[in-house]
Structures are given as structure tokens and as C-alpha cells.
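K.L.:
Take this structure, written in C-alpha cells, and hold onto it; I'll ask about it next.
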Amino acid sequence: MSIISPAFKGFIKLRQSAIDNFTHNPVDTQQQVFNHLIGSAQFTEYGKKYNFERIDSIAEFQKNVPINDYETLKPYIHRILEGNQNILWPSPITWFAKSSGTTSDKSKFIPVSKESLDDNHFRGGKDVLALYLKENTQSNLTSGKCLVLGGSHQINQLNAASFFGDLSAVVMQNMPLAGQLFRLPELSIALMTEWEEKIERMAHSTITENVTYIAGVPTWTIVLIKRIFEITGTNNLLDIWPNLELYIHGGVNFTPYRRQFEQFIPSPNMHYRETYNASEGFFAAQDREDEEGMLLFLNHGIFYEFMPMDEYGKENPRTLTLKEVELYKNYAIVISTNGGLWRYMVGDTIQFTSRAPFRIKVTGRLKHFINAFGEELIVDNADNAIAIACAETGAVVVDYSAAPVYMTGDTNGAHEWVIEFERLPVPLATFTTLLDKSLQAINSDYEAKRYKDLALRMPIVHEMPKDGFKRWLKDKGKLGGQHKVPRLSNERTHLEEMLAYAYPVNQ
């Protein structure tokens, strides 16, 4: 390790220089990425269809190439799955990141090219460390290993040469040897498909290692930490890994989970960094601990566009480039990538928190919101309201989901919640009142609808028993990996299923 560590630190300095370059030249950098993507793909089937070789400006690209989602690109992707090449991207594609959220029973298979692995996912991971080490020059991060909570992979039976799995598993399977040396657990455990057994094996195999940082979704990281506590008899993670200094998280808003992590790791020297890493690409990472938002990665093989929310759903929606975006306005993120996704709506909504440099925060999903009564409640609102209610009551929330209760002839509407608590030291009714007040303070549209109960009455909150959401996910065959509990939905389908696992409400 003493030989590898200085070389690794030298490489990190090179990445820090590259980050500085795209930070100071964002528009030019994106233009270069755009030019490279269009030039590389001009002779693919998709490039020929939309005359990429004749496109000489971003405006012309936006005019001639349609906005896509998975459904519109699926016919192309399925042909690649069957072994056809040069369809969306010129280099051979044999790996696919399988993504299937809790809002759909259908799986998505996102093409992963060698370029998207090298120039996006691997580069993004290195840049997370580069950003951290630039701000923490006395760090001993590279003296130990990273514990990664990833997914699983399997052979794609449609074609013997094609493989698919959760993005984290695809990345781990293709990671260079130098990267493997810093990662835990061993690959055979990391790629296990049965999550309960995987957690058990991970706990036992890592407690004797020198773990200096952890990367994973908060929910599953908490499950692993609790199992490690049961095995070791401690409730302080630093008793097991005294050199632990960084937790890299993503996938869900960390705000509702921070309190638990601070209890598990009671140290003022523990650091937390947020990342925005999806199957479609590694988009951003937190560059400063005291700054809101994540630095947008601009030279990682992705060209970005941003769709104002009042354009969403239109036949020919208008999109903006970096030069045109405004702070704290919701945009749907649209990407063109070196994996062959063209003007592709990821499905997330973001806001810019800074323009110099360009920083963003994820505010929710295009399909994860409640707007049954004009209240326009997004996940960011709900996460922050939960955090405020927890801070005021001492409660700790594990997970939650909510959906509307629609008006009937004699009652007005409401929001119905299912919340799993790690700790609830006050009556549920007290927490519910504080949650409602916090939502009103955060969201003026919600406040207006709650005025004198005109459109919305007090929220209905059910308490989910311990591991209730985990059982719901398991019964749906969605336990582990990137599967998450849908926080908000404008429909009641999932909430109705969850209610069967919850305690009846006393209201």
C-alpha cells in the first residue's frame, strides 16, 4: 500500500487540476463534450437517422433530435441486447445497467460503453475522492479501504456475450485491479444476489479490516451497521473502524438519516459527501462540506440540457443549456451520453444552487410528487419537513411514503403517510402536527390548501413497524440494490400495499 498510495495521490492531483479547468470554463467544456459526442456517433444508426454529420450547433441539435425517455429508446436498446452494434454508440456495448425502481415492475437496461465506464463512472468516483482530499489535506483516507454496498449482476440470457446488473455491480466487475485493492468486501460477496445473506457475510468479513470510508445508500448502510453492532456488542462504529473518516452517500436525500449516522459515528471529524450517481451516468458530487448542492461534472462524457417544469409534457418542449439556467428553479434533467442516450430524460428534477461554479441539488422525481389539490409537494419539501419534525421531537425516521386521500362528497382531501421510526419519543399525533406545520412553512401552496382545512385536512399518519418497508420490498422482489421506497406518489397504488404492513392509525 505504501507504493500505491503516493501514486494514487499523484493521480488525484491531476484530477483536481481537471476539475478546476471545467469549473472555470463550464460553457466551453460542455461545447467540447457536445462536439465529441456528435462527432463520435455520426455514423451510428441513430446518428444517421438524425443527420448528426450535418449538425453544427447545439440549437440545431435541439431542433432536430427529439426528447427521449426509456420507452422511446427501448427498441434501439433491445436490439443492442440481442447483439447488434453501432446502433446508439459506435464502440461495442456488452454491459447494461439494470434499473428497476419501485414505481414500475418493468426493468430498464441502460447501455454501458467502455467510454461511459472510463470517462464517466470511474472518473466520477475518482473525482469524489479528489474533491474530498483537496478540502481535507491532512486526510488518511488512502491508508485504508472503502467499504462499498453495491448490487448484484447476472448473465443476460438474450446473448451469451452480454451482461447486466445493478450499476454498482457493473462498475465493480469492470474495475481495474488498482481500484479493487482499495475496495471491500471481496467480489464474491459484493455480487451476491440474496441481500440478507450478503449483509451477514459483509458484516463478518469487514469488521477486522481498516475501513477509512464507506460508500452506499443510507438505508442499507444502516442495516449493515446495526448487524455489525449486534456482532461486536458496541454501538459506536469507531470502536470497530477507528480510522473511519468519510461516508459517501447518494440515491436518497441524506437529511432524514444524518441524525442516525451521527449517533452511530459520534465524532466531529467524521465527514459526509453526497453524490448524484445513476444508472445513466455519474452527474455530480459535493465539492465543499459547507456548501449546499453538488458540483456538476461537466467533462465526464455527458452533455446536459435542462427542461423548465412548465415545458414538461409538451410535444416539443423547450430545454436550456448552462448559460440559460436560473437559481432555485425546478428543471427536469436531460442528458446525451457516451453510452448512447440521446436527449434522454433521466426522470429526476434538480435545482441550481450556484452558477459559479455550477452546483445542483436533486429535488425529486418527475413521477414522485403529490399535486392532487394544487399543493405541488415535492420530495425535497417532504424530506426537509421530516427533518424539522425530527429535530424538534427527538424522533428518528427510517423511511416514509405518502399519497393523497381524495375528496369525497362529505370530506375534503388529505395526505396519508406511512412512516417507520427508529425512535419516536413523543405521541404520533404530536409528530404529525409538527410535520404538518413544517410542510406549511416550507411550501406556500400546501399552506394555502391547509388554510382552515378548505382543501386539505390534517395529514393521516400511520406508523410502520420495524423493518416493515423492508418486508414490503422483499415481498415485491425488490430487496436490495438500487431499489428504494417511493417517497411520494400522486397515486395510491403503493400506499395501499404498504398499509397492510402498518399499524392502524388512531385518528
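K.L.:
Give a quick list of trypsin sites (Lys or Arg not before Pro) in the stretch 253-327 that DSSP marks as loop, anything other than H, G, I, E or B, with at most 10 other Cβ atoms within 10 Å.
P.N.:
Answer by residue number: Lys314.
K.L.:
For the stretch 116-278, take N as its residue count and report Rg(C-alpha) divided by 2.2 N^0.38 Å.
P.N.:
1.04
K.L.:
Further, regarding this structure: Show me 29-42, 136-149 ranked by packing, highest mean number of other Cβ atoms within 10 Å first.
P.N.:
Going from most to least packed, we get 29-42, 136-149.
K.L.:
Here is a further query. Which entries of Lys74/Lys476; Lys108/Lys478; Lys98/Lys361 have Cα-Cα distances beyond 18 Å here? Don't skip to the answer; put the middle values down first.
P.N.:
Working: Lys74/Lys476 24 Å; Lys108/Lys478 14 Å; Lys98/Lys361 24 Å.
Result: Lys74/Lys476; Lys98/Lys361 exceed 18 Å.
K.L.:
Go through 359-365, 393-399, 426-432 and give me the packing order, highest mean Cβ count within 10 Å leading. Intermediate values should be presented prior to the final figure.
P.N.:
Working: 359-365: 21.7, 393-399: 19.9, 426-432: 16.3.
Averaged packing, sorted descending, gives the order 359-365, 393-399, 426-432.
K.L.:
Taking 8 Å as the Cα distance limit and 6 or more residues as the minimum spacing, I'd like the relative contact order of the stretch 116-278 as a percentage.
P.N.:
Working: 208 pairs, mean separation 35.1, N = 163.
Averaging sequence separation for qualifying contacts and normalising by length gives 22 percent for the stretch 116-278.
K.L.:
Oh, and also: If you scale each eigenvalue of the Cα gyration tensor by 5 and take the root, what three semi-axes come out for the stretch 394-457, rounded to whole angstrom and sorted largest first?
P.N.:
Values: eigenvalues 108, 38, 21 Å².
With the √(5λ) rule applied to the stretch 394-457, the semi-axes are 23, 14, 10 Å.
K.L.:
Also, quick follow-up: Give the percent of DSSP beta bridges with both residues in the chain that are antiparallel, rounded to the nearest 5.
P.N.:
That works out to approximately 65 percent antiparallel.
K.L.:
For the stretch 369-499, what is the relative contact order in percent, using Cα pairs closer than 8 Å and at least 6 residues apart in sequence?
P.N.:
For the stretch 369-499, the relative contact order is 33 percent.
K.L.:
Using alpha-carbon pairs under 8 Å, 6+ residues apart, how would you state the relative contact order of the chain in percent?
P.N.:
Worked out over the chain, it gives 13 percent.
K.L.:
I want the antiparallel fraction of DSSP beta bridges within the stretch 393-507, as a percent rounded to 5.
P.N.:
Numbers: 9 of 16 bridges.
The antiparallel fraction comes to roughly 55 percent.
K.L.:
Can you tally the net charge around Tyr76? Count Lys and Arg as +1, Asp and Glu as -1, for every other residue whose Cβ sits under 14 Å from the Cβ of Tyr76.
P.N.:
+2
K.L.:
Averaging over every viewing direction, what projected area does the convex hull of the Cα atoms of the chain cover, in nm²?
P.N.:
23.7
K.L.:
For the stretch 369-499, what number results from the quotient of the Cα radius of gyration and 2.2 N^0.38 Å?
P.N.:
1.03
Rule-based calculations on the coordinates, nothing more; no lab input. Being a predicted model, the structure only gives us computed values, none of them experimental. Every residue, glycine among them, receives a Cβ derived from its backbone with ideal geometry; neighbour counts consider all protein chains shown.
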